[in-house]
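Notes to accompany the following structure.
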Amino acid sequence: MVTEDEAMRRAIALAARGLGTTSPNPVVGCLLLSADGEVVGEGFHAYAGGPHAEIVALAQAGERVRGGTCVVTLEPCNHTGRTGPCSEALIQAGLRRVVIAVDDPNPVASGGAATLRAAGLQVATGVRRAEAELGNIAWLTAVRRSRPFVTWKFAATLDGRSAAADRTSQWVSSAESRFDVHALRGTVDAIVAGVGTVLADDPQLTVRDLRDGSLAIKQPLRVVVDSEGRTPENARVRDAAAPTWIVTAAEAGRGPDGRVDLNAVLTGLYARGVRSVLLEGGPTLAGAFLAAGLVDRVIGYVAPKLLGAGTSALVDAGVGTIADAIELDFTDIAQIGGDLRFTATLRQKPSDHPIHHPQADWKAN
Ligand SMILES: NC(=O)C1=CN([C@@H]2O[C@H](COP(=O)(O)OP(=O)(O)OC[C@H]3O[C@@H](n4cnc5c(N)ncnc54)[C@H](OP(=O)(O)O)[C@@H]3O)[C@@H](O)[C@H]2O)C=CC1
Ligand SMILES: Nc1c(N[C@@H]2O[C@H](COP(=O)(O)O)[C@@H](O)[C@H]2O)[nH]c(=O)[nH]c1=O
């Protein structure tokens, strides 16, 4: 016997297994309980085009779920995409009750709760909502803003330097932190860097096992923001390890400063199904993203080192006076090896009204 609350906690943990492979879909986890509260099925959405969490769980449960309860992290879909509507499948399976954490903000797929209620099922929403929202934060934010969720990641010394005076920067952070970065890369759809970082470091920007250098099966799209097309022909970002998009101003258009229009980059990525972006540099591009209000979350690896000179972690973020400082809230602080890792979210300014283009919303299913 498990309570619905415990079942939701497990469903949220299951959902997280899909992080990095479900875009443009959300991550979703589901538990099915029999009429007497036994777990008879569980599932998560593993990849876009694959079965939804509810369908995986229903296949496991079979007849045992009749009269039982479905506990699911996101409102069951109500539309036919690449797969049929989950709301109908739950009705057909003879469930009595459906417990949902988060309503589906996607106008194309929402309405599942209403369909279930109309068919006579009990529907409860909001169970562990905050926790489930956090688990799906990239997708939810992306759909609400019609652009990918952007995490700026950087490594810096205690005095906020990302490279030394001679421009060496390998490595600021510890080996443990770099392992952690590869795990983080594995959860996103695209990794973005500026041409400055490509010229300075010749990074590969792939997800690797750092013990032997082997590549993960699923690689995020690599994106180089490069106004004039200065990325060398033999740059490692152009190798065959992962797909790459070198975005020039000729292709994406120019922003007010004459460089690549960053809004256009994000809109282009959203149209390609990218919901989560890791911005990995460098300080100039990060400053431009922040100045344009295009960063949602910051993850910093702070190493117990001092340089006293060298490149600042952030250059020119459009702040001239303390009253205009970009404000964040820490959401997590952890020690990784000898480093400190902080996660912080940007505080919304009153002017940050999400622009919503319903026609840009789609769900591949
Ligand atoms: N420790 C860390 O976490 C990291 C450290 N680094 C270090 O940082 C240094 C490189 O820094 P930096 O040169 O700032 O590199 P960036 O990666 O920030 O690249 C900056 C370049 O991006 C291009 N760009 C295109 N569009 C835009 C736009 N809209 N806004 C801003 N820039 C745009 C510009 O070149 P153009 O006009 O030609 O397009 C610009 O010069 C290296 O020493 C590297 O080792 C880098 C990453 C992470
Ligand atoms: N120097 C530095 C980082 N630098 C970032 O990592 C990139 C190298 O990626 P790759 O070639 O795939 O290993 C580099 O260009 C920059 O974006 N990252 C860190 O976690 N810690 C560090 O100390």
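No lab work stands behind these numbers, since they all come straight from the coordinates. Note that the structure is predicted; figures quoted are calculated from it, not measured. Cβ atoms come from the backbone with ideal geometry, glycine included; neighbour counts cover every protein chain shown.
Observations
- Segment 118-223: chymotrypsin sites (Phe, Trp or Tyr not before Pro) in DSSP coil with no more than 13 other Cβ atoms inside 10 Å: 171
- Computed over segment 147-193, the percent of Cα pairs more than 18 Å apart is 40.
- Loop-located GluC sites (Glu not before Pro) in segment 220-314 (DSSP state not H, G, I, E or B) with no more than 16 neighbouring Cβ atoms inside 10 Å: 228, 233.
- Neighbourhood charge, 12 Å Cβ-Cβ cut-off, centred on residue 157 and excluding it, Lys, Arg +1 and Asp, Glu -1: 0
- Dividing the Cα radius of gyration of segment 80-237 by 2.2 N^0.38 Å, with N the residue count, gives 1.47.
- A simple packing score, the average count of other Cβ atoms within 10 Å per residue, orders the peptides 52-60, 198-206, 123-131 as 52-60, 198-206, 123-131, with the highest score first.
- Kirkwood Rh and Cα Rg combined as Rg over Rh, evaluated for the chain: 1.01
- For segment 144-360, the Cα-based Rg and Dmax, in that order, read 16.8, 50 Å.
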